[in-house]
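Encoded as structure tokens, the structure appears first; notes follow it.
The values are calculated or read from the model by the stated rules, or taken from the named source; none is laboratory data. Bear in mind the structure is a predicted one, so any value in this text is a computation, not a measurement. Cβ placement follows ideal geometry from the backbone for every residue including glycine, while neighbour counts extend to all protein chains displayed.
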Amino acid sequence: MKTETPREIAASITQYIVLTTGVAGVVFTALFTEGIWPWVALVLLLVFIGMVSNRLINWMIERYISRRIKLIYKTIHRLKTNRFPSEDLDYATDVIGNVNKEVLEWAKSNREEIAMLKEQANFRKEFIGNLAHELRTPAFNVQGYLLTLLEGGLEDPKINREYLERADRNLDRLINLINDLDKISKIELKAEEMEYSDFDVVKLAKEVVESHKYMADEAGINLVVKPVKKELVVHADRDRIEQVLVNLLVNSIRYGKKDGETKIKCYEMDDQVLIEVEDNGIGIDNKHIPRLFERFYRVDKSRSRNLGGSGLGLAIVKHIIDAHNQTINVRSQVNEGTVFSFTLAKSGKK
Ligand code: ADP
């Protein structure tokens, strides 16, 4: 029989002791005594030996295991809990096997934690590298234009105004970048609490479209909101959702085609409202989709920068939707267009 629990080990050893002392006792009683009483005494003695040795062996094993296990638990629980479960160990179960299982689980969770920390460290390094790069380009450009102006360009009417305007555009880029970084870090640090309220998301979409009409007209893009009349009241942070709609709408214009169209469609579902921002612009190759919401990830770097993109727009969108515990998805086809869709909780269905 395979012995597994401390109790079973103690029982086996006891059986062995009782058996060997029993055989010796029977031989001794048969050879050197007479009558029934020595046999009675032998049986009583064997019962006594059985009980005492079982208790004693149990006690020794439990003490031994408890000491060893306490050590293991002390090591693995040092950083996690202060639990030293030696008092409440159940010796009728496979104590050693359980510890083994716990040690393996602990090792696995440690491995996962280390992998996550490594990933975070890499992410930080990459982020700082990207940030330095993003800041360096416009800062150097401004410096270049100012130096040229200082070294005589200021007196040259052919370039002085133009260079100042270029320097100004680069400063705009820097300020955009800093503002977007500020938005992301505020959401991440939860420095500003979310301010939930009930509002009509269709009306908000119409307002966002209205305030971007000029930009869309310049790019030759038509903007549409659907449904035209219906109200869809959601429970969310209005300012933040406005930011989401602005970022998605601006992207649809930036990466749209001339004479194209962007539609913001709102659909009523059971507990949620689904909002889609759909364009028929340049589209995104599928291979870029998994990384699209990462900070500074761009499909076409020069197009994005020339159009004033900070590379943080979609990262901000994702942060805001995550903070609402909702989801965002994207489907796209190169040269056909892109659809970003996200959900919001319906009012009263939080
Ligand atoms: P950016 O400031 O560069 O626009 P975003 O985070 O807003 O940064 O977008 C990341 C990248 O995703 C963009 O550089 C662009 O390549 C791509 N992208 C975003 N929206 C669209 C869209 N509607 N159509 C095509 N490409 C898009």
*Options Ser211, Ser197, Ser185: the member that is under 29 Å from the mean Cα position of the chain (by Cα) and modelled with pLDDT of 95 or more*: Ser197
*Pick from segment 257-270, criterion modelled with pLDDT of 95 or more and within 11 Å of the ligand (Cβ to nearest atom), ranking: surrounded by the most Cβ atoms within 10 Å (Cβ to Cβ)*: Thr262
*Number of positions in segment 301-336 that are of a type in the set (D, E, K, R), touching a residue at least 40 places away in the same chain (Cβ under 8 Å) and closer than 27 Å to Ile175 by Cβ*: 2
*Some residue of segment 61-71 being modelled with pLDDT of 75 or more, closer than 24 Å to Ile13 by Cα and of a type in the set (Phe, Trp, Tyr)*: yes
*Within segment 95-136, track down each residue that is of a type in the set (S, T, N, Q), loosely packed, with under 14 Cβ neighbours inside 10 Å and within 30 Å of Ser304 (Cα to Cα).*
Gln120, Asn122
*Go through (1) out of contact with any helix residue (DSSP H, G or I) (no Cβ under 7 Å at 6 or more places or on another chain); (2) over 25 Å from Ser185 (Cβ atoms) one by one and return the number of the condition Leu154 breaks.*
(1)
*Would you please name the residue that is nearest to Glu195 (Cα to Cα), looking only at residues in segment 330-350 that are surrounded by fewer than 17 Cβ atoms within 10 Å (Cβ to Cβ), of a type outside the set (A, V, I, L, M) and within 13 Å of the ligand (Cβ to nearest atom)?*
Arg331
*Which of the residues spanning segment 271-314 are within 8 Å of the ligand (Cβ to nearest atom) and surrounded by fewer than 16 Cβ atoms within 10 Å (Cβ to Cβ)?*
His288, Asp300, Lys301, Arg303, Leu307, Gly308
_Condition (residue is charged (D, E, K, R) and more than 45 Å from the chain's Cα centre (by Cα)) applied to segment 136-153: is it met by at least one residue?_
yes
*When segment 89-125 is examined, which residues are found to be farther than 30 Å from Arg55 by Cα, of a type in the set (A, V, I, L, M) and more than 18 Å from the chain's Cα centre (by Cα)?*
Leu104, Ala107
*Check whether at least one residue in segment 240-255 is among the basic types (Lys, Arg), more than 24 Å from Arg331 (Cα to Cα) and either in contact (Cβ under 8 Å) with a residue 60 or more places away in the chain or more than 16 Å from the ligand (Cβ to nearest atom) (or both), and report yes or no.*
no
